[in-house]
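All remarks here apply to the structure that follows.
The values are calculated or read from the model by the stated rules, or taken from the named source; none is laboratory data. Being a predicted model, the structure only gives us computed values, none of them experimental. Cβ atoms come from the backbone with ideal geometry, glycine included; neighbour counts cover every protein chain shown.
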Amino acid sequence: MINKKVFNKTKSSLIKINIAVVLSFLILFSIFIYTYFKGVTYKSIDNKLNNELESIAIQLTRQSMIYPVTKYPSNMIYIYKRDRVMYYTPQNGYFSDVLPNRYTNKLNDIFTFSENGYTFRELNVEIDEYQIQIIRNIDSEISSLRQLIFVFIIGILISLIIFALYELISTTSKMFSPNEELLSESFSPDNKYKVEAYLVDGGATTDFGVKCILFVDNKKSKTIYSDYHIRDANIEWVDNDTVSINSHIIDLPDGKYDWTIDKTGTD
């Protein structure tokens with residue numbers, strides 16, 4: 001028979017492993033979801049910047065680029081011909097100067113930058129003799145991604161709190177619940193009865209005790225012996241229906257001994 005103390009320890013270890021696996025999965029899942037939504041968000045922004053560029057490129061072939069039609073009002077457009085400003089979005093309120101910085105080292109690229117506490121996504125390209133900056137403020141998108149991170153962190157913290165509560169309850173339960181260790185087992189001469197003796201450790205505040213459980217035809221019946229301040233169980237069979245446990249005679253199947261009432265024999 002498996003030692004109950006060992007079984008409980010193994011069970012506790014398996015539960016901890018399962019919780020650790022679930023937490024690890026939750027963290028990995030959160031990272032995956034965040035990465036996925038971040039990619040989708042940036043892809044949507046970049047598509048709008050590219051669509052804006054296509055619209056402007058069409059207008060470049062026309063006779064005037066003084067007042068280009070903006071496809072997306074939230075985009076800011078800056079067009080240079082050589083080093084001369086041909087068009088810029090007026091009074092955008094984001095930049096200290098009328099014109100933003102020109103990142104000449106990032107031509108024909110889409111990138112993210114920050115300025116004056118704002119975050120932007122910029123498409124910076126050259127078309128023939130024109131250099132075009134298409135800039136979009138992405139603070140709202142960044143805020144949404146941060147809220148997503150916050151939700152993930154809260155979820156992970158809640159999981160950790162649940163794990164901590166489980167550990168607390170488990171530890172407290174172990175402190176106040178008795179541990180049982182199988183000492184021995186004995187069969188009646190005709191093998192009808194089996195008695196299992198357990199050493200009971202009640203914890204730091206109580207002494208050791210012994211209890212014996214009766215099995216009838218290999219089926220658990222009841223506790224027939226309970227004693228305190230002892231660590232051993234001396235089981236001897238008087239006959240097929242009578243057993244002596246630590247010199248206490250018990251008639252089976254109805255008899256029992258309970259140290260709290262000092263009762264020997266039948267009820």
*Given the residues ILE134, ILE142, which is the only one that is of a type outside the set (Phe, Trp, Tyr), surrounded by 14 or more Cβ atoms within 10 Å (Cβ to Cβ), in contact with a strand residue (DSSP E or B) (Cβ under 6 Å, 6 or more places away or on another chain) and not in a strand (DSSP E or B)?*
ILE142
*Of the residues that sit in the range 186-201 and are without any contact (Cβ under 8 Å) to a residue 60 or more places away in the chain and small (Gly, Ala, Ser), which one is nearest to ASN218 (Cα to Cα)?*
SER186
*Looking at SER159, SER186, which is the one that is surrounded by 12 or more Cβ atoms within 10 Å (Cβ to Cβ), of a type in the set (Gly, Ala, Ser) and modelled with pLDDT of 85 or more?*
SER186
*Kindly provide the set of residues from the range 190-229 that are part of a strand (DSSP E or B) and hydroxyl-bearing (Ser, Thr, Tyr), ordered by number.*
TYR193, TYR198, SER221, THR223, TYR225, SER226, TYR228
*Does GLU185 meet the test of being closer than 26 Å to LEU60 by Cβ, charged (D, E, K, R), in a strand (DSSP E or B) and out of contact with any His (no Cβ under 7 Å at 6 or more places or on another chain)?*
no
*asked:* Report every pair of residues separated by at least 6 positions or lying on different chains whose Cβ atoms are under 9 Å apart, first residue within the range 26-44 and more than 19 Å from ILE154 (Cβ to Cβ), second among the acidic types (Asp, Glu) and part of a helix (DSSP H, G or I).
replied: THR41/GLU141; TYR42/GLU141; SER44/GLU141
_Set LEU28, LEU53, LEU23: member being in a helix (DSSP H, G or I), modelled with pLDDT of 85 or more, surrounded by 15 or more Cβ atoms within 10 Å (Cβ to Cβ) and of a type outside the set (S, T, N, Q)_ = LEU53
_Total residues in the range 110-131, condition in a loop (DSSP other than H, G, I, E, B) and surrounded by 13 or more Cβ atoms within 10 Å (Cβ to Cβ)_ = 0
*Any residue in the range 145-156 that's surrounded by 14 or more Cβ atoms within 10 Å (Cβ to Cβ): show its pairings with residues that are aliphatic (A, V, I, L, M) and modelled with pLDDT under 90 at Cβ separation under 6 Å, as long as the two are six or more apart or on different chains.*
none
